[in-house]
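*Asks:* Have a look at this one before I ask anything.
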Amino acid sequence: MVSGRLRLWLSLLVCVLAVILLKSEGASVGITYLQDAVAKGAVCLDGSPPAYHFDKGSGAGVDNWIVHMEGGGWCEDVPTCLSRKNTDLGSSKQMVKQFGFSGLLSGQQKSNPDFYNWNRIKVRYCDGSSFTGDAVDRANNLFFKGNSIWEFIIADLLAKGMRNAKNAILSGCSAGGLASILHCDRFRALLPASTKVKCISDAGFFLHAQDVSGGKHIEEFYGKVARLHGSVKNLPASCTSRMGARPELCFFPQYVVQTMQTPIFFVNSAYDSWQIKNILAPTAADKSKAWKSCKLDLKKCTAAQLKTIQDFRTQFLSALNRAGVVNSPSKGMFIDSCYAHCQVGKQIQWSSDSSPVVSNMKIAKAVGDWYYERSPIKKLDCPYPCNPTCPKVDSDS
């Protein structure tokens, strides 16, 4: 009995100490539900209110803002959206009440010296369209209102002080990284001309490419997303006006970035693990499962598979170049050769002793130098497997 009580008290003590540690580090941030958004139709897939986590700025950073959009893929048809509806990617009712901030959102000066004291917001993702949707499926009680969510949240933040921002960044990871590209110029337009506004896309430059079977899996997938969610009218007009009968192709950053006006920085792997698994070698294009082991660990790829992956890197870099990223003075990039997906939100990849290094620079330093214009940043890693500083395991696993 005594030993049982002792274990219970020790467990409680560990929990209390963990909470105290998180609070002292400013790492755990409470959720804010936007109940008023429901009346405006700005709701998650299940009709619940949108939400974000907000860690207020301090000192010299009190007038600076980072709005970071969460990732989490997309739903392209009714069954996949219904499967998300009762998860944290479709309902704020299922979201955790506290969220740990690290990497770009860290409140610690040592690990995030350029942005630690800014107002830092993590926008939760519950619409499945990279915040572009504008439709309702009454028959299935599904709400595709991603664009309305984005507009309502930005308006709410403007009212809470962002309208007076001196500096502002719109960022995101994966599907949120795509959203940071699609909404970047709109974000700029909503802030005062005197505000310094830039955007950061982490693992959001999804490539328009064929899969290993020669098919167009990702093109068809994004087309389904755009049609289901009614997204096309909310994609950048500077892109859709040039795409003729295929405006849904503006889900692909390589066509959007060409005409963007707002400065933007790309953190991406040239061997993005999500893209290799879902664009290059999706399960639908690999019926024989020849790519299964390779996708889990590049060391297990055959010579022929590695050549295909190196060719994919070449296509990716070519798309960046054609989009003007390489030569534009307002655009920056940190393209590593790690088998990774989403890197700015994790301390281990952002600025720790274990973070990937390209040309003697870590991601945090590259982003900070680019934002504050201390130097132009165009970091391009050598081809896989040359970089020993890459994490040993795919960051998407």
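*Asks:* Roughly how big is the chain's charge dipole about its Cα centre, with Cβ charges of +1 (Lys, Arg) and -1 (Asp, Glu), in debye to the nearest 20?
*Replies:* The dipole of the chain has a size of about 320 debye.
*Asks:* Let me ask something else. Return the calculated 222 nm mean residue ellipticity for the chain, to the nearest 500 deg cm²/dmol, obtained by summing -39500 (n - 2.57) across DSSP H runs with n ≥ 4 and dividing by the residue count.
*Replies:* Taken over the chain, the calculation gives -9000 deg cm²/dmol.
*Asks:* At 1.4 Å probe radius, can you tell me the per residue accessible area of segment 183-235 in Å²?
*Replies:* Ligands and nucleic acids excluded, the result is 37 Å² per residue.
*Asks:* To continue, here is another question. In whole angstrom, note down how far apart the Cα centers of segment 241-309 and segment 149-164 are.
*Replies:* One Cα centre to the other: 33 Å.
*Asks:* Among the trypsin sites (Lys or Arg not before Pro) within segment 177-218, which fall in a DSSP loop and have no more than 15 other Cβ atoms within 10 Å of their own Cβ?
*Replies:* Those satisfying the criteria are Lys216.
*Asks:* What pairs in Lys56/Lys97; Lys85/Lys233; Lys122/Lys198; Lys299/Lys392; Lys362/Lys392; Lys300/Lys379 have C-alpha atoms more than 22 Å from each other?
*Replies:* Lys85/Lys233; Lys300/Lys379
*Asks:* Follow-up. May I ask you to list the aspartates and glutamates whose Cα is less than 18 Å away from that of Lys166, ignoring any residue fewer than eight positions away on the same chain?
*Replies:* Asp55, Asp63, Asp114, Asp156, Asp185, Asp369, Glu373
*Asks:* Put +1 on the Cβ of every Lys and Arg and -1 on every Asp and Glu Cβ in segment 30-380; which of Phe99, Ala364, Ala159 then has its Cα farthest towards the positive end of the dipole?
*Replies:* Working it through, the farthest residue towards the positive pole turns out to be Ala364.
*Asks:* Once you place label points 7 Å from the Cα toward the Cβ at Arg322 and Ser58, how far apart are they in nm?
*Replies:* Distance between label points: 4.9 nm.
*Asks:* Continuing with the same structure: Only one of the listed values, (i) 1.11; (ii) 0.97; (iii) 1.09, was derived from the coordinates as Rg/Rh (Cα atoms, Kirkwood Rh); which label is it?
*Replies:* Identified label for the calculated read-out: (ii).
*Asks:* Separate question: Can you tell me the length gained on complete extension of the stretch Arg186 to Asp137, counting 0.36 nm per residue apart and subtracting the Cα distance?
*Replies:* Here the answer is 15.0 nm.
*Asks:* Let me ask something else. If you take the charge dipole of segment 30-380 about its Cα centre, with +1 on Lys and Arg Cβ and -1 on Asp and Glu Cβ, which of Val38, Thr283, Ser148 is farthest toward its positive end?
*Replies:* Final value for the positive-end residue is Thr283.
*Asks:* Using a 1.4 angstrom probe on heavy atoms only, work out the carbon and sulfur share of the accessible area of the chain in %.
*Replies:* In the chain, the share of accessible area belonging to carbon and sulfur is 57 percent.
*Asks:* Same structure, new question: Need the full-extension length gain, Ala304 to Asn360, defined as separation in residues times 0.36 nm minus the C-alpha distance. One decimal, nm.
*Replies:* Between Ala304 and Asn360, full extension yields an extra 17.0 nm.
The values are calculated or read from the model by the stated rules, or taken from the named source; none is laboratory data. Since this is a predicted model, take the numbers as computed values, not measurements. Heads up, the Cβs are rebuilt from the backbone with ideal geometry, glycines too, and the neighbour counts pull from every protein chain shown. Keep in mind that these areas ignore ligands, DNA and RNA; they rest on the heavy atoms of the full protein, side chains included. Shrake-Rupley method; radii C 1.70, N 1.55, O 1.52, S 1.80 Å.
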